[in-house]
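Everything on this sheet refers to the single structure shown next.
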Amino acid sequence: MKDKTPAAILGSGKIGTDLLYKLLRSRNMRCACFVGRREESEGIQRARKLGVPVSTGQAQYLLENPDSYEIVFDATSAIAHAEHSQQFAELGKMMFDLTPSHVGAPVVPTVNAERMHSCRDVSLVSCGGQVALPIVHAVSGQCETVDYIEMVNTSASQSAGLATRLNIDEYLETTEAAIAGFSGCEKVKCLLALNPATPPAHMRVTITFLASGFDRLRVTAAIGKMVAEVQRYVPGYALITEPVFSDGKIIVLVRVTGQGDYLEEYAGNLDIINAAAVYLGELYSDNLNKLRLDHGAQEVLACSF
Ligand SMILES: NC(=O)c1ccc[n+]([C@@H]2O[C@H](COP(=O)([O-])OP(=O)(O)OC[C@H]3O[C@@H](n4cnc5c(N)ncnc54)[C@H](OP(=O)(O)O)[C@@H]3O)[C@@H](O)[C@H]2O)c1
């Protein structure tokens, strides 16, 4: 426990609460503080019951107690993150942004995890982005040209907190920009439907490509390989059917089944982004430990002369 990297979660809503359960299982991080802004927040109550240190002092609490954590996971809102990014950068803290603020460097574990070692504000883009971007990377790498990409995300309304609803414009803009950036395709359209059906609907994402100059078998193989890689940190990430090829279109249908940490299995939208954040946080933490060890070894060497 002492050797685990202390991490703080800022934001006690749906994303923050699900992330808390995942962080409690982390192999090399521990939750040093769960921070919200209302004592009656369900997330704050749950964290208290779990014996996790809590505060309702918002970012200010963490800014005033910088020695208690190394990493901040921001699960508040896009507008709040823009302010947090600057404040925590001044303290030299590492931030993983779960909001679609479009401020930090967009990172997807299976595509460009190494990018995080050269920045202090890592954007997880969005839940739809974390589902679609691995597929976008796999497919666009197999096509001579990709003229258009469309991503449709259907998630259960019950899994979307107020901040998610307020951030829908930011969600669409940030996800479209990331898909364009990762694929080189300029025409990108994203759509989000929050389905209020009961029982709640599983998260499903459909990614459609208008492309040319590809081999179906190679595209299918690249997608299959990528799905297996994502499953290493999100076991419930799966294709609904084999990729569909029709009139220059490639259609990929993905379903994400959550681990049922906070909400039930339907809420794959919480899992896909939170599991990615924990995966990257653990890599960062491994790197910190290595730097500490190297530094320690240098000190031992220095002492022996
Ligand atoms: N739900 C999803 O499927 C999903 C997936 C990926 C990314 N996201 C993104 O994650 C963020 C959170 O979404 P959510 O669904 O978890 O919404 P939520 O349930 O409304 O949670 C947001 C939490 O942050 C708190 N908060 C807001 N501004 C704050 C500030 N300045 N300082 C401290 N706490 C603050 C809110 O406090 P109160 O309780 O007082 O309102 C609330 O507890 C959004 O940006 C959303 O776009 C959501």
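Read the figures in this text as sums done on the coordinates, not as results from a lab. Keep in mind it's a predicted model, so treat the numbers as computed, not measured. Methodologically, a virtual Cβ is constructed for each residue, glycine included, from the backbone with ideal geometry; neighbour enumeration extends over all protein chains shown.
Quick one: Cα centre-to-centre distance for region 224-297 and region 132-156, in angstrom?
Answer, in whole Å: 16.
For LEU91 and PHE245, calculate 0.36 nm times their separation in residues minus their Cα-Cα distance, and state this gained length in nm to one decimal.
50.4 nm
Give the lysines reachable from LYS14 as a straight Cα distance under 18 Å; neighbours fewer than 8 places away on the same chain don't count.
LYS22, LYS49
Which lysines does LYS93 reach when only Cα atoms under 18 Å apart count, and residues fewer than 8 places away in its own chain are ignored?
LYS4, LYS290
Residue farthest toward the positive end of the dipole of region 1-75, with Cβ of Lys/Arg at +1 and Asp/Glu at -1: which of GLY11, ALA47, ALA75?
ALA47
Choose one of GLN130, SER212, VAL188: the residue whose Cα lies farthest towards the positive end of the charge dipole of region 127-256 (beta-carbon charges +1 Lys, Arg; -1 Asp, Glu; about the Cα centre).
In region 127-256, that residue is GLN130.
Rounded to the nearest 0.05, what FRET efficiency do LEU166 and ARG232 have when you use their Cβ-Cβ distance and R0 = 35 Å?
0.60
With an 8 Å cut-off on Cα pairs and a minimum separation of 6 or more residues, tell me the relative contact order of the chain in percent.
Across the chain, relative contact order equals 18 percent.
Spin-label point model (7 Å from Cα, Cβ direction): what's the GLU64 to LYS4 distance in nm?
Once both label points are built, they end up 2.7 nm from each other.
Please work out the FRET efficiency for the pair ASN112 and ARG218, using the Cβ-Cβ distance as r and a Förster radius of 22 Å; give the result to the nearest 0.05.
0.50
Name the aspartates and glutamates eligible as straight-distance cross-link partners of LYS187: C-alpha to C-alpha under 14 Å, and not fewer than 8 places from it in the same chain.
Within reach: ASP147, GLU150, GLU173, GLU176.
Taking the Cα centre as origin and putting +1 on Lys and Arg beta-carbons and -1 on Asp and Glu beta-carbons, what dipole magnitude results for the chain, to the nearest 20 debye?
That gives the chain a dipole magnitude of about 680 debye.
Students often check this: by mean Cβ neighbours within 10 Å, which of 241-248, 185-192 ranks highest, and how do the rest follow?
The peptides rank, most packed first, as 185-192, 241-248.
Extending each Cα 7 Å along its Cβ direction at CYS119 and LEU293, get the distance between those two points in nm, one decimal.
According to this spin-label approximation, the distance is 2.8 nm.
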